[in-house]
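Data first, discussion second: the structure below is written as structure tokens.
The values are calculated or read from the model by the stated rules, or taken from the named source; none is laboratory data. The model shown is predicted, which means the values in this text are computed figures rather than measured ones. Glycine gets a Cβ as well: all are built from the backbone with ideal geometry, and neighbour counts include every protein chain shown. Accessible surface is based on the protein model in full, side chains and every heavy atom, while ligands, DNA and RNA are left aside. Shrake-Rupley method; radii C 1.70, N 1.55, O 1.52, S 1.80 Å.
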Amino acid sequence: MISISLPVKKESWATMSFASTLYLCPVLDILLAKIPDQWRPEIRLGLQEALVNAAKHGNNLDPSKQVSVQFSVTDNLYTWIITDQGIGFKPNYSCSNAPEDLLPPEESERGRGLCLLHQIFDRVHWNQQGTQLRLSKRVKREQTIWR
């Protein structure tokens, strides 16, 4: 089940929550509704990675636990805050590292998602508990040229 509260004003935050699942298509469709077309595939990939991490690694796919997403659009700045009900984690990297340095060894089966998030979003920040992720992306809308 997905619940959503729609914003009253353009600059306010909307919030949605859903039971921990990997079936994220309807959630992603809602979160991408106001994203300019040229940015949708890239941002969809990043948000999908973040939501999968919250449901799978944060909540252990426990359907009794919720993933919540707050999202906001202000001018050309898009922001998402994803919160899970897990025990949290501590990213093992420094924000000063280049995204390429975050890649795990080739033989590793996990860990590429963090690098992906840093490649797609302008800001990637976890709270101290490691249960909340803030992602931001500044995009410019295409301007229509009248001739």
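Simple spin-label model, 7 Å along Cα-to-Cβ: residue 42 to residue 126 in nm?
The modelled label-to-label distance comes out at 2.5 nm.
Quote to one decimal, in nm, the extra length available between residue 22 and residue 87 on full extension: 0.36 nm per residue of separation minus the C-alpha distance between them. Provide the component values of the computation, followed by the final result.
Values: separation 65, 0.36 × 65 = 23.40 nm, distance 1.91 nm.
Length gained between residue 22 and residue 87: 21.5 nm.
Non-local amide H neighbours of residue 131 (under 5 Å, H modeled in plane, Pro and chain starts lacking H): which ones?
Correct list: 89.
Can you sort 140, 65 by solvent-accessible area, 1.4 Å probe, largest first? The partial results should precede the final answer.
On the way: 140 155, 65 55 Å².
The most accessible residue leads, giving 140, 65.
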